[in-house]
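Heads up, the thing below is written out as structure tokens.
The values are calculated or read from the model by the stated rules, or taken from the named source; none is laboratory data. As the structure is a computational prediction, the values presented were derived from the model and not from experiment. So basically every Cβ, Gly included, is an ideal-geometry build from the backbone, and we count neighbours across all protein chains shown. We work out accessible area using only protein heavy atoms, side chains counted, and drop any ligands, DNA or RNA first. Shrake-Rupley method; radii C 1.70, N 1.55, O 1.52, S 1.80 Å.
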Amino acid sequence: MRPVLTARQAGELHKSLIAYLSSINIESTKILQDELSVGENFDDVTRTKYEGILERKWTSVMRLQKRIFELESKVTDLETKLQSVASIHSHEDAANWLPEGEAKQKLQSHQKQVTCVAFHPNHSSLASGSEDCTVKIWDWEHGQLERSLKGHRLPVMGVDYGGPHEHTRLASCSSDLTIKIWDPSNSYVNVRTLCGHDHTVSAVRFLPSGKLVSAGRDGSIRIWDVVSGYCLRTIDSQGDWIRDISVSLDGGYVVSAGNDRMAQIWDISSGEVTARLIGHSGPIECCAVAPQSSHGHMAKLGSMKLSGRDIFVATGSRDNHIKLWNERGGLIKTLEGHDTWVRGLAFHPQGKFLISVGDDRTIRCWDLSNEARLVRTIVGSSRFLTSIRWGPSIRSTQGTSHVVAVGSIDASIRVWM
């Protein structure tokens, strides 16, 4: 073993030891003195010089050790406080996170425009549908294409993940009048094809119960059992092409919107309209039901009191406007900023913002907590933007982060995270 002390340091230590042992009258000091080779030059004067050194060194070590313990305790306290502050800032950052700058990923493989996107609720998978008649599955985190799903004969108009508990499914709908159910746990095999619509199926959304809602150009809304494939209810809207649907938080209501320039809130159990949202001057391209976290902001915007049974809705139209509504059909506010058609809407999961995309190639962020003002505009593509989805929140030791995907007519999907 390599010596820890130099020869000089060892000599000093030996002399200090001999001086200490002599001071307490240890009889074997002379023998130890000879063994340590300090005998010849270790006279009374030298002994006096080294007396007390060992004791002082020892008490210094004890003081230093005590100080180290105190500092370690302070470091622990500071680390705890730092983690607490980091957690608070992480929460604040997550609540205020918005896409900005260039997209982190640009996913390219489709041959024609992307019409729709949807995130898997648990994995880093993103589904996209296109006018090239395919559904593609991506690893959005790494920007890789995982597989292409072929089965539809005409453009894919909508996609959504959901289904029975613990059995996540992917649903896709198409202009070929069909809805296809794919099993992500089994290489996305097509497990069922649902038929019943008489024209283009424009949108599909899973209910919290696992059932599926679809709507289309035939003006009907259909509720499906994806396990059996049975259509459980058909709601005839008596209207025009339904271009988009959105589901309430409890799954009891569905909002439909389309070419007849109004949105409607339907009671799924009865099939009755509970409210008509009238005010747009052009066909409505998209609609979104606000999450619970947005209710306070929406109620404040509308000078309302929350009842506990509230439904707030956003609609985007070819009249270039976004409108915010309550469940009684009351208009809360009209948001102006897009230069042309509004094609997609998504609420921030933590409630503070509404994000929109449109044919003006921009992503626009509206602050619901500040009079729904436009607070950020991003040029998302060189071509029209067609769709937007907010992905599942990702929790890690660094906090909560978010992910947003936007589809474009340039056949790509861009992902911000």
Point to revise | Selection from segment 363-390 of residues that are farther than 24 Å from Lys112 by Cβ, assigned to a strand (DSSP E or B) and open to solvent by 50 Å² or more (accessible area, probe 1.4 Å) | key: Arg373, Leu374, Val375, Arg376, Thr377
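Sort out for me the strands (runs of 3 or more DSSP E) sitting completely within segment 138-200 that have 1 or more residues that are of a type in the set (Lys, Arg). Walk me through it before giving the result.
Values: elements: 144-150, 156-162, 169-174, 178-183, 189-195.
Fully inside segment 138-200 and qualifying: 144-150, 169-174, 178-183, 189-195.
For segment 101-137, name all the residues that are part of a strand (DSSP E or B) and among the hydroxyl-bearing types (Ser, Thr, Tyr).
Within segment 101-137, Thr115, Ser125, Ser128, Ser130, Thr134 qualify.
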Review point. What is the number of the single condition among (1) closer than 26 Å to Val204 by Cβ; (2) open to solvent by 40 Å² or more (accessible area, probe 1.4 Å); (3) of a type outside the set (Lys, Arg); (4) under 20 Å from the mean Cα position of the chain (by Cα) that Ser401 does not meet?
Key: (1)
Check your understanding: Here are some conditions: (1) at pLDDT below 70; (2) on the phi > 0 side of the Ramachandran plot; (3) small (Gly, Ala, Ser); (4) surrounded by 13 or more Cβ atoms within 10 Å (Cβ to Cβ). Ser37 meets all but one. Which one does it not meet?
Key -> (4)
Exercise for review: Just one of (1) modelled with pLDDT under 95; (2) part of a strand (DSSP E or B); (3) open to solvent by 20 Å² or more (accessible area, probe 1.4 Å) trips up Glu285, so point out which.
Suggested key: (1)
Practice item. Considering only segment 283-303, state which residues are touching an Asp or Glu at 6+ places or on another chain (Cβ under 8 Å) and without any contact (Cβ under 8 Å) to a residue 40 or more places away in the chain. Key: Ala299
Check your understanding: Any residue at all in segment 232-242 that is closer than 25 Å to Trp390 by Cα and in contact (Cβ under 8 Å) with a residue 40 or more places away in the chain?
Key -> yes
Exercise for review: Name the residue, out of Leu335, Leu354, Leu301, that is open to solvent by 20 Å² or more (accessible area, probe 1.4 Å) and closer than 19 Å to Glu371 by Cβ.
Suggested key: Leu301
Point to revise | Conditions (1) crowded, with 22+ Cβ neighbours inside 10 Å; (2) of a type in the set (Gly, Ala, Ser); (3) without any contact (Cβ under 8 Å) to a residue 40 or more places away in the chain: number failed by Ser172 | key: (3)
Practice item. Output the residues belonging to segment 299-331 that are touching a Leu at 6+ places or on another chain (Cβ under 6 Å), within 17 Å of Thr274 (Cβ to Cβ) and assigned to a strand (DSSP E or B). Key: Trp325
Practice item. Give me a count of the residues in segment 370-398 that are under 20 Å from the mean Cα position of the chain (by Cα), of a type outside the set (Val, Ile, Thr) and closer than 26 Å to His295 by Cα. Key: 8
Exercise for review: Determine whether Arg205 is within 25 Å of Ile265 (Cα to Cα), crowded, with 19+ Cβ neighbours inside 10 Å and charged (D, E, K, R).
Suggested key: yes
